[in-house]
Amino acid sequence: MGLMDFTLRRLAPAAAASTAAAWAGMTTLNDDWDDYFHSSSTSGGDGSSSDNSAEPEKIVILGSGWAALSALRKCASPNKSVVIVSPRPHFLYTPLLASSSVGTITLRSACEPLRALVEIAAQKATSATFVRADAREVDVMNKKVRATTDSDGMMLELSYDKLVVAVGAQANTFGIPGVQEHALFLKEAEDSAKLHARLLSNLEKAAALNHQGDRYRAEIDRLLKVVVVGGGPTGVELSAELADFAHNDVAKRYGTDISSRIQIILVEAMPRILAPFDESLANVAREHLISKGVDVRTGTAVTHVESKDVTLSPSTPRSATPEQKAAASAAARSEEMGALVWAAGIGARPLVKKLAKSLGQTDMRGLQVDEDLKVKGAEGVYAVGDAALSGFAPTAQVAAQQGKHVGRAIRDGSDSKFEYHHAGSLCSLGSGYGIAQLTDSFNVWDSLGAPTIGKDGNEVALTGRPAFVLWRSLYWTKLLSTSSRLSLGSDWIKAKLSGRDVVEPVLQRTATLKQPVESFGTELRRNNTIRLVNKTEALATTAIVTDSVDGKKKKRFWFF
């Protein structure tokens, strides 16, 4: 007992100190000290204290991503009435979408309910409210936002004193035929669920057909071919997750006959993958993917997509001559595939384009802002993240910093020039491997002998397991709640010990009256005495018949 007491007395302070140090490190890393040590008083635009008895300033935030939530957490303060408007009822942790697509983690770990975050903000602000609606129009003259709750046109009107446009961006198909209709995307939680369902459904179909020997060999090969379009971090991380999924979980649960036939093709129109990274790190990533069986095709463009095949051709620059374009077109080839995932770029959302046009802006890629992130020509309106043309890369890191900057400006009542502090870039390559390109502020890596890279030699390169651990650790700290951190950690441990989740998501129940009804691609044999009755025929036909025995009328129901 004495030894236990002695141990506890020694360990308890050490554990407390470690926890405090970890909390302080996370707070510093996320630039959140002002959440705890900021003055509760608010200031007017001239720096004077505002009258708390006055009407609260109405703040409307459009969006629920990195920029929007960062702005919400900083601007929530006394004498502020905040309304956050989004058709999505959760914050989505986008770096985890690739992992959730193959069951490494659950979508629950990548999503944070907005109402829980708004409830926290309401404790600091005069009020904070979440409205699940889709913003359709901004009236900058009357300072009103019009939003709809559904497709029936039921319109809401919200007035504002300050407006933050943080609606992000949508997938850009570049007008390529068939992409919008047949491709899968990786921007939203439902995109991840759809991809997960498609992968598992194709695996089940292939496994069933494999029982017939070589009879359906071509169809099995088609079902097991996945084409990922876009060689940026999203496409690379998804390709790595798919390769790990095939080598580990598919081989274990479906057998090597199936796993060995899975083909993963990564298509990139540029000469190399991972353009934001130094070329040396991009080459490391390419070689690692190839070693995992991924077919990396650079300098290749998608020209057409159908439900079961894709047309690929050599990419050409915008300045290409007619002869070069003709040669590329002649070299185009079609390939059958089971799934095509589009991760090849982003474009402005309709609301952003509509607002930009109303303000007389000619560049429809986003809203033009000044150095304070205020939208040019619109009083009291800010634009942040992917919705803004601010001159910075459309990354989560930029969006989060811009959201915090604008939130503080609204909270403190004074605008200032936005300054971006780049911490580095990370990319997971699966199998406990990754790459990292860090700024020289991470001096710990200098002491460990990490090589310097970059045009000015002011960045350091990290590869292998240290980069992978850094990737997981950093993104884990970026989660917005302890619940999400526990859930994510649990998912990682579960995937390591017992494998990934291979339960096909139920996306939507299929109505019984819709044909054809399929189960793993095989038509269900229906009783031929049962026929389908459309609504008109059903209404015209009475369901009341006369019983031949007692002459009483009875209602008769058909179940099918």
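The values are calculated or read from the model by the stated rules, or taken from the named source; none is laboratory data. Just so it is clear, the structure is predicted and the values come from calculations on it, not from any experiment. Glycine gets a Cβ as well: all are built from the backbone with ideal geometry, and neighbour counts include every protein chain shown. For the accessible areas, the whole protein counts, side chains as well, though only heavy atoms, and no ligand, DNA or RNA atoms are used. Shrake-Rupley method; radii C 1.70, N 1.55, O 1.52, S 1.80 Å.
Can you find a residue that is more than 22 Å from the chain's Cα centre (by Cα) and at pLDDT 95 or above anywhere in region 225-239?
Yes: one or more hits.
Quick one: how many residues across region 157-190 are surrounded by fewer than 16 Cβ atoms within 10 Å (Cβ to Cβ) and at positive phi?
2
When you go through (1) out of contact with any strand residue (DSSP E or B) (no Cβ under 9 Å at 6 or more places or on another chain); (2) surrounded by fewer than 17 Cβ atoms within 10 Å (Cβ to Cβ); (3) closer than 15 Å to E336 by Cβ one by one for D221, which number turns out not to apply?
(1) is the only condition that D221 fails.
Across region 328-367, which residue is farthest from V164 (Cα to Cα) among those that are in contact with a Ser or Thr (Cβ under 9 Å, 6 or more places away or on another chain) and open to solvent by 60 Å² or more (accessible area, probe 1.4 Å)?
A330
Residues to consider are S192, S201; find the one that is of a type in the set (G, A, S), out of contact with any helix residue (DSSP H, G or I) (no Cβ under 7 Å at 6 or more places or on another chain) and in contact (Cβ under 8 Å) with a residue 40 or more places away in the chain.
S201
Here is a check on your reading of the model: is L266 modelled with pLDDT of 95 or more and under 22 Å from the mean Cα position of the chain (by Cα)?
yes
For region 276-326, how many residues meet the condition of being more than 26 Å from L426 (Cα to Cα) and touching a residue at least 12 places away in the same chain (Cβ under 8 Å)?
15
Those residues that are farther than 23 Å from E335 by Cβ and charged (D, E, K, R), I need them from region 267-309; list them, please.
Residues satisfying the conditions are D278, E279, E287.
Answer yes or no as to whether G231 is under 19 Å from F185 (Cα atoms) and of a type outside the set (K, R).
yes
Are there any pairs, at least 6 apart or on different chains, whose C-beta atoms fall under 6 Å, with the first in region 157-170 and part of a loop (DSSP other than H, G, I, E, B) and the second among the acidic types (D, E) and surrounded by fewer than 24 Cβ atoms within 10 Å (Cβ to Cβ), and if so, which?
Taking only residues 6 or more apart or on different chains, the pairs are D161/E57.
Scan region 248-274 for residues that are touching a residue at least 60 places away in the same chain (Cβ under 8 Å) and farther than 23 Å from A183 by Cβ and jot them down.
N248, D249, K252, R253
Could you list, in sequence order, the residues of region 204-247 that are among the polar types (S, T, N, Q) and in contact (Cβ under 8 Å) with a residue 24 or more places away in the chain?
Residues satisfying the conditions are N210, T234, S239.
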